[in-house]
Amino acid sequence: MRIIVTFSLVAVSLFSFAQDVPGYSGKFNAIDRLLSPPNSYRTASGAPGENYWQQRADYKIKASIDENTNELVGEETITYFNNSPHTLKFLWLNIEQNVNRKENEDFGDVLGGVRDSISSLQMQYLVRPIDFPAGTDIEWVKGANGKGLDYIVNNTLLRINLPEPLKSGENVTFSIKWKNYITDRANFLLSREGYEYFPEDNNKVFLLGHWFPRMAVYNDTEGWQNKQFRRLGEFALEFGDYDVELTVPEDHVVAGTGTLTNESEVLTKTQRDRMAKARKSFDEQLFIITPEEARANEKTKKKGTKTWKFRAENVRDVAFASSRKFIWDAQAVKLPTNTVMAMSFYPKEGLPVWTEESTNGVKQALEVYSEATFDYPYPVAISVNTSNIGMEFPMISFNGGRPVNGEISEQARRGMTSTIIHEVGHNWFPMIVSSDERKWMWMDEGLNTFLHQRTLAERYPHWSSTTPKDIIPFMMGDQKTLRPIMTNSDNDLLFQMGANFYQKPTVGLQMLRQTIVGKELFDAAFKEYANRWKYKHPNPSDFFRTLEDGTATDLDWFFKGWFFTTETIDIDLAEVKWYQLREEQNNVENKRQKGSTKRISGSSKGAEGNDFSDGPQPFSVAPSGAGNYGQFLSRLDEGEMRDQLSGKHIYELKLKNKGGLVMPVIIEWTYTDGTKEVQQLPAEIWRLNEAEVTKTFLKEKEVTSIAIDPNQKLPDVNLENNVFPRPKQSDKFEEMKKE
């Protein structure tokens, strides 16, 4: 006991002393205080706890589109299950379409204010001089008994006051009738849904998302998720089953979330036969509606209506697209535990590139994401062409990218295919691993972009994909405006959110996988996170803890620096010293004694000396006295040690952390015989001094140059201080001329 107490006092003393040591800021301290504390709902390992719960909502919806007035009218019946331990007196629902009302803030001003020769579209973004109806009108809310319920609309949220408190374990059923004004997507900056008008043939493509009142999330960490929808922070929704009936113009074709349950009523015999063949076609896509048929269909408009019925199970949302212009192709994708129909819907304006790339892109995403996480569980994965942007929903996504007069550049083709892969990938994050997008955009966009870029790298190696060096320009930005990844979705600057919420988390996960943890451990932990939290609501702490739990690696230093700060990586190879042992000669009795020394001229001058031309600095090794060993009776074989040092090269490197982020150090040694060697030092070398570290290396061969991370596995923002010898200014000038 006395020893333990003494040691504890020493540890406290050392810790207190460490606070005052230059270069110490606690980067390796645990991040517990930055995370929600573990409890019986969410464990310290990152897994759901024994008392984890979440709510559920089932929907029965009937809606119709009037393409003349651009209105959607609907009625829905919601059954809401209170699985929480709490009694609820009111409910909150999302009605995101209200963000399009004129009184709401818009993103028009992010492109700049009024100026001479301002474009008419930019002026429309700014002040909306041409007004139009938008938003959601609630006609009534009724209980299961048909009586009206009291409700309040708060911008993009709808509160329903319950006549009786909803107790734990109970459910409540109520109905809503509403109307949406479908808007022209061209009138909005960052419009995710609405209609696109084609003046050449006087037709529209309707893309309907955020189109019905949906239950907001109520969970154990914040109660009701009642952040307003401001276009950036997207979804926070509960899982449930959906039965949806969509009445549209008779000659429209509908692509929607779920299984089409009335094929015989809405598809022709020819289309049904083609679908049957497509369900067995694993090697090529087949047309359900050919380009020629779509062109003929868009020329005449029938006056009647047709109702399409869809059934979707265990999803958190539904969306659909409707038009008479659609070409439709499909292909079956065989996964280990499921067969999925990959399908694309697009107007003739998408030809030929959409036929060539879309369904194949869906297939590639399904295969790579399933391997990295879990098999895609739903029956369909649909890609619908739109004029621009990409927007995801369960089983269906709206994706931009079109040729011009049938021609498309290779860069545009890559961008289009990349968008399709990305939006299909959102089925995993956040449609199944259901993080709160309204609060933490990076948890869905960052994790999804990580796998989307992996898909590009593995399946489209002829195209570029994100690597760590791509984040350098962003990280070198103005520290006054940069925000950490752990910033709420709507609080980042519009023009840097892509780098901060998409690219920087992607690079962080790439570094963990490729450099810090290793592929085998990281892939197992990432898959564990996806499977632990599929159909559930994870928080950032659950993700961080699961990665540590699954890799048995303390990553607090990494999460703290990469996600909670805007510091950069800038490792300076500040000084290099080269040593060789003075040679000793054996006497005739094979006893070691001091002899003449081999002359070694000069000594290296470190980084200031620019190169190794001064040669190594000689040194001697003195015998160790008994006091060096304490009470140990065994002794080092000093002669053997000198033999092992004889003729070898010793290099001492002084490393400085100028960027702030602690990271592993990757060293590439180039030897006089032209060979190279790469060594990696763990980030923990910075534990005792986060500002400066000196490391010593024993080498068999003479070194001609040293480089820190020359292949840029880590996004070091300044490569000029990563090498020794330092490049001469004239060399830089020659490089600039070549460039």
Worksheet item: Which lysines, on any chain, are close to Lys177 with Cα under 24 Å apart, when same-chain ones fewer than 8 places away are left out?
Response: Lys60, Lys62, Lys89, Lys102, Lys142, Lys147, Lys227, Lys306, Lys309
Worksheet item: If you take the Cα Rg of the stretch 621-695 and divide it by 2.2 N^0.38 Å, with N the number of residues, what do you get?
Response: 1.54
Worksheet item: For the chain, what relative contact order do you get, as a whole percent, if you take Cα pairs closer than 8 Å and at least 6 residues apart?
Response: 11
Worksheet item: Using alpha carbons only, how many degrees (0 to 90, rounded to 10) separate the axis of helix 410-425 from the longest principal axis of the chain?
Response: 80
Worksheet, complete the sentence: Nearest-0.05 FRET efficiency for Thr87 and Lys177 at R0 = 25 Å, using Cβ-Cβ distance, is 0.35
Worksheet entry | Integer Hz, Karplus 6.51/-1.76/1.60 couplings in order for the stretch 154-167, x for Gly and Pro | 10, 6, 9, 10, 10, 9, 10, 8, 7, x, 10, x, 8, 7
Worksheet item: Which whole-number percent gives the relative contact order of the stretch 417-546, counting Cα pairs below 8 Å spaced six or more residues apart?
Response: 34
Response to the item:
For the stretch 324-380, dividing by residue count, accessible area per residue (probe 1.4 Å) in Å² works out to 23
Response to the item:
Expressed per residue, the solvent accessible area of the stretch 72-152 in Å² (1.4 Å probe) is about 53
Response to the item:
In whole angstrom, largest first, the equivalent ellipsoid semi-axes that the Cα gyration tensor gives for the stretch 310-374 are 23, 17, 9
Item to complete: May I ask you to compute the full-extension gain from Tyr535 to Thr672, defined as 0.36 nm times their residue separation minus their alpha-carbon distance, rounded to one decimal in nm?
Response: 43.6 nm
Practice prompt. Sort out for me the Cα centre separation of the stretch 429-486 from the stretch 68-89, rounded to whole Å.
Written response: 33
Discussion item. Can you say what percent of the DSSP beta bridges in the chain, counting only those with both residues inside, are antiparallel? Round to 5.
Written reply: 85
Fill in: For the chain, alpha-carbon Rg relative to the globular expectation (2.2 N^0.38 Å, N residues)
1.18
Discussion item. Under the 0.36 nm per residue contour assumption, what length would be gained going from the current alpha-carbon distance of Gln679 and Leu162 to full extension?
Written reply: 179.6 nm
Worksheet item: Under 17 Å from the Cα of Lys658, which aspartates and glutamates turn up, not counting those fewer than eight places away in the same chain?
Response: Asp478, Glu567, Asp570, Asp572, Glu575, Glu684, Glu690, Glu692, Asp709, Asp716, Glu720
Worksheet item: Listed highest first by mean packing, meaning other Cβ atoms within 10 Å per residue, what order do 200-210, 40-50 come in?
Response: 200-210, 40-50
Worksheet item: What percent do you get for the relative contact order of the stretch 274-378 when only Cα pairs under 8 Å and 6+ apart count?
Response: 28
Item to complete: Report the semi-axes of the equivalent ellipsoid for the stretch 356-489 in whole Å, largest first, where each axis is √(5λ) for an eigenvalue λ of the Cα gyration tensor.
Response: 24, 20, 15
Item to complete: Determine, for each peptide in 311-323, 214-226, the mean count of other beta carbons within 10 angstrom over its residues, then list the peptides with the highest first.
Response: 311-323, 214-226
Response to the item:
Normalised Cα Rg of the stretch 150-195, dividing by 2.2 N^0.38 Å with N its residue count, works out at 1.74
Discussion item. Can you give me the C-alpha center-to-center distance between the stretch 111-133 and the stretch 148-181, rounded to a whole angstrom?
Written reply: 37
Worksheet entry | Computed lengthening from Asn718 to Glu407, 0.36 nm per intervening residue step minus Cα-Cα distance | 107.9 nm
Discussion item. Given a 1.4 angstrom probe, I'd like the percentage of the accessible area of the chain that is carbon and sulfur, rounded to a whole number.
Written reply: 50
Discussion item. Can you give me the angle between helix 441-459 and the longest principal axis of the chain, using Cα atoms only, in degrees from 0 to 90, rounded to the nearest 10?
Written reply: 80
Fill in: Spatial separation of Cα centroids for the stretch 207-259 and the stretch 658-687, in angstrom
49
Worksheet item: Peptides 327-339, 677-689, 413-425: what's the order by average Cβ count within 10 Å, highest mean first?
Response: 413-425, 327-339, 677-689
Worksheet, complete the sentence: Under 5 Å from the placed amide H of Leu157, counting only residues 5+ away or on other chains, we find Ile95
Response to the item:
The helix 729-738 Cα axis meets the longest alpha-carbon principal axis of the chain at an angle in degrees, between 0 and 90 and rounded to 10, of 30
Item to complete: Determine the alpha carbon to alpha carbon distance for each of Lys363/Lys519; Lys204/Lys299; Lys27/Lys560 and list only those over 18 Å.
Response: Lys363/Lys519
Fill in: Cα point-scatterer Debye curve for the stretch 32-156, base-10 log of I(q)/I(0) at q = 0.20, 0.22 Å⁻¹
-1.19, -1.33
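The values are calculated or read from the model by the stated rules, or taken from the named source; none is laboratory data. Since we're looking at a predicted model, the values are computed, not measured. Every residue, glycine as well, gets a Cβ built from its backbone with ideal geometry; the counts of neighbours run over all protein chains shown. Only protein heavy atoms, including side chains, enter the accessible area calculation; ligands, DNA and RNA are left aside. Shrake-Rupley method; radii C 1.70, N 1.55, O 1.52, S 1.80 Å.
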